[in-house]
Amino acid sequence: MHDRPYTLLSCGMSIDGYLGSAAPRRLELSNDADFDRVDAVRASCDAILVGATTVRTDNPRLLVRSKVRRDERMARGLAPSPIKVTVTERVELDARADFFTAGDAEKLVYCASARVDDARSRLGPVATVVDGGEPVQMRKISEDLGARGVQRLMVEGGGKVHTQFLTDNLADELQLVVAPFFVGDSRAPRFVSDGRFPWNSDRRATLAGVQQIGDVVLLRYALSPRFRTD
């Protein structure tokens with residue numbers, strides 16, 4: 001068994017806990033200064049993980065934007081951007097999505113055991129498809145990433161993925177940015193869904209820091225003894 005990576009969950013949400021709106025267009029929850037902070041966090045990680053729904057709806061590139069940070073990574077013998085990772089049960093992924101086509105970083109797709117052949121046929125050479133279990137198990141994925149040399153993993157959502165990492169007690173840190181507005185629509189995706197979380201009224205998470213960044217606030221929580229301030 002391999003050690004899992006240090007795992008940092010990063011999320012922006014509205015005051016009432018939503019990750020976006022019910023509309024197809026992406027809802028901006030942060031500002032330029034915070035986007036730059038997130039870029040710095042990305043540059044510090046070995047891999048970035050998002051769920052397949054995020055790949056479909058947000059079409060993220062998941063690249064380090066700053067040339068200075070890309071150059072610093074390459075000077076340390078690393079790829080300009082971290083490995084890109086997604087998780088899927090149904091393999092409803094488009095090989096033309098930016099996740100697969102943007103940048104030269106390695107791409108990993110973890111899927112349910114029964115869909116491995118389908119995923120490899122659908123995606124071809126654009127990604128490495130890995131058996132994630134039946135059903136997909138986040139702990140198995142985390143340990144496999146550790147075996148691949150990933151020491152620091154950034155999880156950027158969406159809500160289902162955040163819920164699975166948190167309820168499986170696989171998160172060491174949560175960086176939660178709160179935007180100064182409400183969504184007010186229960187059809188919209190939430191930060192987390194129902195589940196049995198290790199942190200509750202009898203076991204509170206440790207608030208490790210609060211930072212105002214323009215009109216948003218960053219809440220940083222230590223979720224395990226492995227929490228680091230760097």
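Numbers at a glance
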{"quantity": "Given (1) of a type in the set (D, E, K, R); (2) touching an Asp or Glu at 6+ places or on another chain (Cβ under 8 Å); (3) closer than 19 Å to Val161 by Cα; (4) not in a strand (DSSP E or B), index of the condition Glu92 fails", "calculated": "(2)"}
{"quantity": "Residue among Val178, Val183 that alone is crowded, with 21+ Cβ neighbours inside 10 Å and either closer than 26 Å to Phe227 by Cβ or in contact (Cβ under 8 Å) with a residue 40 or more places away in the chain (or both)", "calculated": "Val183"}
{"quantity": "Hey, Phe191 open to solvent by less than 10 Å² (accessible area, probe 1.4 Å) and touching a residue at least 60 places away in the same chain (Cβ under 8 Å) or not", "calculated": "no"}
{"quantity": "Options Leu62, Leu49, Leu8; residue that is modelled with pLDDT of 95 or more, under 20 Å from Ala79 (Cβ atoms) and assigned to a loop (DSSP other than H, G, I, E, B)", "calculated": "Leu62"}
{"quantity": "Subset of region 95-127 (residues that are surrounded by 15 or more Cβ atoms within 10 Å (Cβ to Cβ) and either more than 17 Å from Leu63 (Cβ to Cβ) or in contact with a His (Cβ under 6 Å, 6 or more places away or on another chain) (or both))", "calculated": "Val109, Tyr110, Cys111, Ala112, Arg115, Val116, Ala119, Arg120, Arg122, Leu123"}
{"quantity": "Unique match (being surrounded by 16 or more Cβ atoms within 10 Å (Cβ to Cβ), within 17 Å of Ala95 (Cα to Cα) and charged (D, E, K, R)) among Asp58, Asp34", "calculated": "Asp58"}
{"quantity": "Unmet criterion (only one of (1) in contact (Cβ under 8 Å) with a residue 24 or more places away in the chain; (2) of a type outside the set (A, V, I, L, M, F, W, C); (3) under 23 Å from Arg190 (Cα atoms)) for Arg25", "calculated": "(1)"}
{"quantity": "Residue within region 152-163 that is of a type in the set (Asp, Glu) and buried (at least 20 other Cβ atoms within 10 Å of the Cβ) present", "calculated": "yes"}
{"quantity": "Residues that are open to solvent by less than 10 Å² (accessible area, probe 1.4 Å), among the aliphatic types (A, V, I, L, M) and modelled with pLDDT of 95 or more, drawn from region 76-94", "calculated": "Val85, Leu93"}
{"quantity": "Residue check for Asp168: open to solvent by 20 Å² or more (accessible area, probe 1.4 Å) and under 19 Å from Val50 (Cα atoms)", "calculated": "yes"}
{"quantity": "Residue in region 11-26 that is nearest to Leu78 (Cα to Cα), counting only those that are more than 15 Å from the chain's Cα centre (by Cα) and open to solvent by less than 40 Å² (accessible area, probe 1.4 Å)", "calculated": "Gly20"}
{"quantity": "Unmet requirement for Val41, which otherwise passes all of (1) touching a Phe, Trp or Tyr at 6+ places or on another chain (Cβ under 9 Å); (2) over 26 Å from Arg187 (Cβ atoms); (3) open to solvent by less than 40 Å² (accessible area, probe 1.4 Å)", "calculated": "(1)"}
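Residues checked against (1) closer than 30 Å to Pro24 by Cβ; (2) at pLDDT below 95:
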| site | (1), (2) |
| --- | --- |
| Val109 | yes, no |
| Glu134 | no, yes |
| Glu143 | no, no |
| Val155 | yes, no |
| His162 | yes, no |
| Val183 | yes, no |
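The values are calculated or read from the model by the stated rules, or taken from the named source; none is laboratory data. As the structure is a computational prediction, the values presented were derived from the model and not from experiment. Ideal geometry is used to build each Cβ from the backbone, glycine not excepted, and the neighbour counts take in all protein chains shown. For accessibility, only protein heavy atoms count, side chains too; no ligands or nucleic acids. Shrake-Rupley method; radii C 1.70, N 1.55, O 1.52, S 1.80 Å.
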